[in-house]
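The values are calculated or read from the model by the stated rules, or taken from the named source; none is laboratory data. Model, not experiment: these values are computed from the prediction. Glycine also receives a Cβ, built like all others from the backbone with ideal geometry; neighbour counts cover every protein chain displayed. Each accessible area value is taken on the protein alone, full model and side chains, heavy atoms only, with ligands, DNA and RNA left out. Shrake-Rupley method; radii C 1.70, N 1.55, O 1.52, S 1.80 Å.
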Amino acid sequence: EFKVKCDQRFGSTSERTGLEIAFEKYDPDATGIISTEKFKALCQEVKITDGVHRMVHYYDPHSDNEIRLEDIDKEAAEMNEKAREVRDKAAHTKLRYDKRMKREHMTTQPRDMGATAKDDGASAKLVKEMQQKCSK
């Protein structure tokens, strides 16, 4: 019933089931693992209210607060792993390309520039006020 509800809510294609799409939403890093809290939220989203605690105990027998996609559907877990490998390979290829093109600046976080050009000094004034309040 859970897989059917996921198909109804998230849709399914010839390549991907609703369960895979649902797990992608709650597991953006494609690890194949979501917390029991996220699993409960997923159950709410697919309109399953009865037996949620029973499902959590069934899919998390070791009580480690993690639900693994492979425990629900091994085939979906294999497809998820392949998709993650493809995504990781693409990211690695992009990093190599950026490095070769000397675009390292695009891989780092921009430094904090402080107040913007449109700022009339109000931010600095607010910061000083806050510092004075904190030092008292």
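Do any residues in the range 81-102 that are over 16 Å from ARG16 (Cα atoms) have Cβ atoms under 7 Å from those of residues that are open to solvent by 100 Å² or more (accessible area, probe 1.4 Å) and modelled with pLDDT under 80, where the two are at least six apart or on different chains, and which pairs are they?
Sorted first by the residue in the range 81-102, then by its partner, the pairs are ASP98/MET106.
Write out, first by first residue and then by second, each pair whose Cβ atoms fall under 6 Å of each other, whose residues are 6+ apart or on separate chains, and whose first residue, in the range 22-34, is touching a residue at least 40 places away in the same chain (Cβ under 8 Å) while the second is open to solvent by less than 10 Å² (accessible area, probe 1.4 Å) and assigned to a loop (DSSP other than H, G, I, E, B).
none
Those residues that are open to solvent by 90 Å² or more (accessible area, probe 1.4 Å) and either part of a helix (DSSP H, G or I) or of a type in the set (Phe, Trp, Tyr) (or both), I need them from the range 4-26; list them, please.
GLN8, ARG9, LYS25
Given the structure, is ILE48 at pLDDT 80 or above and in contact with a Lys or Arg (Cβ under 7 Å, 6 or more places away or on another chain)?
Working: at pLDDT 80 or above: yes; in contact with a Lys or Arg (Cβ under 7 Å, 6 or more places away or on another chain): yes.
Yes: the conditions hold for ILE48.
Does VAL86 satisfy the condition of being at pLDDT 75 or above and assigned to a helix (DSSP H, G or I)? Quick ask: steps written out before the conclusion?
On the way: at pLDDT 75 or above: yes; assigned to a helix (DSSP H, G or I): yes.
Yes: the conditions hold for VAL86.
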